[in-house]
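Novice: A single structure is presented below for examination.
No lab work stands behind these numbers, since they all come straight from the coordinates. Quick caveat: nothing in here was measured; it's all calculated off a predicted structure. Note: ideal-geometry Cβ built from the backbone for every residue, glycine included; neighbour counts use all protein chains shown.
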Amino acid sequence: MPTRVSAIVILYNEEKYIGRCLECLARQTYPHEHLEVLLCDGGSTDRSLDIARSFESRLPNLRILHNRERRAPQGLNLGIRESTGDAVIIMGSHCVYKDDYVARCVEVLEGTGAACVGGRMLTESSGTGTIAEAIRLSQESSFGTGGSRWRSGGEAGYVDTVPYGCYRREVFDRVGLFDKRLPRNQDNEMSSRIIAAGYKIYFDPRIESTYFTRASLRACLRMHWMNGYYHCMTWRLNPRSLRPRHLIPMLFFLGLLGTAAMWLVCRPLAWIGTAVLAAYLLLDLYFSVRLVVAHGARFLTVMPWLFPLTHLVYGCGTLAGLAAHGLRRVPDNPEVRGRPDPIASEMP
């Protein structure tokens, strides 16, 4: 008998994208009688729910749940509690998926024995124009995002995390649910707990989704700021979730400040910092020219400054998060298991 699968989609005011997401689920090659779709809505005020209900005839096991707390991890946890599947797939409403996405997930999950599997996430611009397309290209570049295999591609194998993972249900019984204290990065933190518990996470590039990137520079920079900002809280809650690539933008920003200061007090050290900065700019130029050659001369006026700008904003966000969350106490979360909680131990 095929594995029963629960697909969990968190939703809030996604009328532009939710139809495309559910259309992909309606076209899945996996037997629909063994696939339930749980939409966890955070109180949408646009047409999202009307669009979702229009798919009820094509997705017979579609259920709409009300996420009263409105935040992403609470919506994910609500869906997990209400789900009935032996495998649980986390899916984003801002994405589309290949028709064999669910079937591939189940195949790889059963074939590898891994606790969680996932694949490559391609990108597509949600807007038009040079800036919107440049944002998309920067998200696919290893220089822009740190070289994660699920972004830049690569061979199948074991990894430290995957996007939109397909989990064995037993995993949540062992390590708990997503940490509701984390508005972002909750998937990376969950992956760290899974590996610490002795499970494995497997990447297979045949499992393919496409994410719609931000269309404006302002929205793109806000995303980078927020991602960097919440990394500090993630590290405090679970130091094992730290990866060197998460620190590089902050070190880049501090290096710029330090080099500027050294020119005032210690010129030999300032020359060292300047040399490192020059090496970074050469890398920036190298990756920018590669994208220009591949995608057109119009990006020559955008890519060389877009990479440094997003790195600096991410690094500033990380420092801001360090200042905001470095010493702040956060309430315990009994839904999280499988790791020591340094914050909980400080609570009176």
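Novice: Give me D for the range 32-152 in µm² s⁻¹, whole number, from Stokes-Einstein with Rh from the Kirkwood sum over alpha-carbon pairs, 20 °C and 1.002 mPa s.
Specialist: Estimated diffusion coefficient is 127 µm²/s.
Novice: In the neighborhood of residue 66, defined by Cβ-to-Cβ distances under 12 Å, what is the net charge if each Lys or Arg adds +1 and each Asp or Glu adds -1?
Specialist: 0
Novice: Using only Cα atoms and rounding to the nearest 10 degrees, what angle (0 to 90) does helix 186-196 make with the longest principal axis of the chain?
Specialist: Helix 186-196 sits roughly 80 degrees off the main axis of the chain.
Novice: Amide H neighbours of residue 37 under 5 Å, counting only residues 5+ apart in sequence or on other chains, H built in-plane at 1.01 Å?
Specialist: It is 7, 61, 62, 63, by chain and number.
Novice: Also, quick follow-up: Spelling out what I want: for every residue of the range 165-173, take phi, set θ = phi - 60°, compute 6.51 cos²θ - 1.76 cosθ + 1.60 (Karplus), and round to whole Hz; glycine and proline get x.
Specialist: x, 10, 10, 5, 4, 4, 4, 5, 5
Novice: So who's got an amide H within less than 5 Å of the one on residue 200, skipping anything under 5 residues away but keeping other chains? H placed 1.01 Å off N, in plane.
Specialist: HN-HN under 5 Å from residue 200: 115, 116.
Novice: While we're looking at this one, here's another question. Short version: what are the Cα gyration tensor semi-axes of the range 119-243, square root of 5 times each eigenvalue, largest first, in whole Å?
Specialist: 27, 18, 12
Novice: Also, quick follow-up: Taking the beta-carbon count within 10 Å as an exposure proxy, list 187, 99, 284 from fewest neighbours to most.
Specialist: Neighbour counts put them in this order, fewest first: 99, 284, 187.
Novice: What's log10 of I(q)/I(0) for the range 177-289 at q = 0.16, 0.24 Å⁻¹, Debye sum over Cα points only, no solvent?
Specialist: -1.03, -1.27
Novice: Sticking with this one: Can you list, by residue number, the Cys in the chain that have no neighbouring cysteine C-beta under 4.7 Å?
Specialist: 21, 24, 40, 95, 116, 220, 232, 266, 316
Novice: Amide H to amide H, which residues 5 or more places from residue 125 or on other chains are under 5 Å from it, using H placed in the peptide plane?
Specialist: Amide H neighbours of residue 125: 213.
Novice: Sorted from largest down, give the three principal axis spans of the alpha carbons of the range 149-220, whole angstrom values.
Specialist: 41, 33, 17
Novice: What Rg and what Dmax come out for the chain when only alpha-carbon atoms are used, in angstroms?
Specialist: Spelled out, the Cα radius of gyration and Dmax of the chain are 21.2, 72 Å.
Novice: Stretch residue 46-residue 294 to full length: gain in nm at 0.36 nm per residue minus the Cα-Cα span?
Specialist: Value of the extension gain: 85.4 nm.
Novice: Fully extended, how many nm does the chain gain between residue 323 and residue 260 (0.36 nm per residue separation, minus their Cα-Cα distance)? Walk me through the intermediate numbers first.
Specialist: Details: separation 63, 0.36 × 63 = 22.68 nm, distance 2.18 nm.
Gain on extension, residue 323 to residue 260, equals 20.5 nm.
Novice: To continue, here is another question. At residue 128 and residue 27, where each label point lies 7 Å from the Cα along Cα→Cβ, what is the point-to-point distance in nanometres?
Specialist: 2.2 nm
Novice: Suppose each label sits 7 Å from its Cα in the direction of the beta carbon; what would the residue 222-residue 56 distance come out to in nanometres?
Specialist: Distance between the two pseudo-spin positions: 3.3 nm.
Novice: So, one more: Where is the GNM fluctuation largest for the chain (alpha-carbon springs, 10 angstrom cutoff): 180, 16, 200?
Specialist: 16
Novice: Rounded to whole Hz and in sequence order, give me ³J(HN,Hα) for the range 32-37 from the Karplus expression 6.51 cos²θ - 1.76 cosθ + 1.60, θ = phi - 60°, writing x for Gly and Pro.
Specialist: 5, 5, 10, 10, 10, 10
Novice: Convert each backbone phi in the range 294-306 into a coupling constant with the Karplus relation 6.51 cos²θ - 1.76 cosθ + 1.60 (shift: θ = phi - 60°), then list the ³J(HN,Hα) values in order as whole Hz, x for Gly and Pro.
Specialist: 7, 10, x, 5, 5, 8, 5, 8, 10, 4, x, 9, 5
Novice: Now for a different question. When the scattering of the range 244-304 is computed by the Debye formula from its Cα atoms alone, each counted once and equally, what is log10 I(q)/I(0) at q = 0.19, 0.23, 0.26, 0.30 Å⁻¹?
Specialist: -0.77, -0.90, -0.97, -1.09
Novice: Sticking with this one: Taking only Cα atoms and a 10 Å spring cutoff, compute GNM fluctuations for the chain and point out the largest among 268, 183, 304.
Specialist: 268
Novice: Note down the nm distance, to one decimal, between modelled labels 7 Å out along Cα→Cβ at residue 243 and at residue 84.
Specialist: Distance between the two pseudo-spin positions: 3.6 nm.
Novice: Shifting gears a bit: Using alpha-carbon pairs under 8 Å, 6+ residues apart, how would you state the relative contact order of the chain in percent?
Specialist: It comes to 18 percent, rounded to a whole number.
Novice: If you rank 195, 89 by fewest surrounding Cβ atoms within 10 Å, what's the result?
Specialist: Working: 195 20, 89 27.
Going from least to most buried by this count: 195, 89.
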